[in-house]
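**Q** Right, I'll just put the structure down here and ask away after.
Read-outs: derived from the displayed coordinates by stated rules, not from any lab. Computed from a prediction, not measured in an experiment: that's the story for all the values here. Positions of Cβ are generated from backbone atoms using ideal geometry, with glycine treated the same way; all protein chains shown enter the neighbour counts.
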Amino acid sequence: MKIIDLTHSIANYMTVYPGGPHPQNKIISTVTENGYKETEIHIRSHNGTHMDSPNHVFEDGVSLDKIDVINFIGTAALVDCSSLGEGDIITYDFIEKNKEAIDNSEFIVFRTDWSKYWNTDKYLGKYPVISDEVVDFIMTSNKKGIAFDTISVDPIDASILAKHHKILENNILVFENLTNLDLINSDTFVFCALPLKFESSDGAPIRAIAMLD
């Protein structure tokens, strides 16, 4: 079995959503001085590679700690959108081209290769986003979740997170800021993304992996 890490490392001054503070990893004890090393970590729930729960945009939405772990692992269809550029739209044509794989999978993973811009200003620019028609398809798809190698399912300048609302209202999880999708050489794979578990979690950092035969 081949396992590919799809997760950005959490680091001080890494890319975060505009307006938010950067993580702060601070070493508070060392092996030399204290006999052990320990790090104090300050991070927001949607920093780095993470997932969103319905509680992210709905006050009465289910939080991650209340979701069964079976929903964090399953078969995934990889939709290659890497031909798209700045400001382009992921249209329903991409769904149709991968319909068989999508129909037989529990997750849809959209590869744009935007992760190559991680920690640059361009990462927070006009990355490709899914069309309203694709959102409508996802809403009725009965999938466990959808995933992206971009910072959001909505455009970076969205004042209302309309796509988040439609998808999360249907209890479909959203995974963002994946990386290394270009290393997956199969249309389908096993996707696993386990969130940090804390009470009433609207979202959480994850360690996401792809498992291939």
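This table checks each residue for (1) under 24 Å from residue 191 (Cβ atoms); (2) among the polar types (S, T, N, Q); (3) more than 19 Å from the chain's Cα centre (by Cα).
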{"position": "31", "(1), (2), (3)": "no, no, yes"}
{"position": "35", "(1), (2), (3)": "no, no, yes"}
{"position": "62", "(1), (2), (3)": "yes, no, no"}
{"position": "82", "(1), (2), (3)": "yes, yes, no"}
{"position": "97", "(1), (2), (3)": "yes, no, yes"}
{"position": "127", "(1), (2), (3)": "yes, no, no"}
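**Q** Tell me which residues, restricted to segment 193-213, are part of a strand (DSSP E or B), surrounded by fewer than 17 Cβ atoms within 10 Å (Cβ to Cβ) and aliphatic (A, V, I, L, M).
**A** 194, 211, 212, listed by residue number.
**Q** Now for a different question. Condition first: farther than 19 Å from residue 210 by Cβ and either in a helix (DSSP H, G or I) or in contact with a His (Cβ under 8 Å, 6 or more places away or on another chain) (or both). Can you find one or more residues in segment 68-85 that meet it?
**A** For segment 68-85, residues farther than 19 Å from residue 210 by Cβ and either in a helix (DSSP H, G or I) or in contact with a His (Cβ under 8 Å, 6 or more places away or on another chain) (or both): absent.
**Q** Related question: Restricting the search to segment 167-192, which residues are free of Cβ contacts under 8 Å to residues at least 40 places away in the same chain and surrounded by fewer than 17 Cβ atoms within 10 Å (Cβ to Cβ)?
**A** 170, 185
**Q** Further question on the same structure: Going through segment 10-45 one residue at a time, which ones are among the aliphatic types (A, V, I, L, M), outside any loop (DSSP other than H, G, I, E, B) and farther than 18 Å from residue 198 by Cβ?
**A** 27, 28, 31
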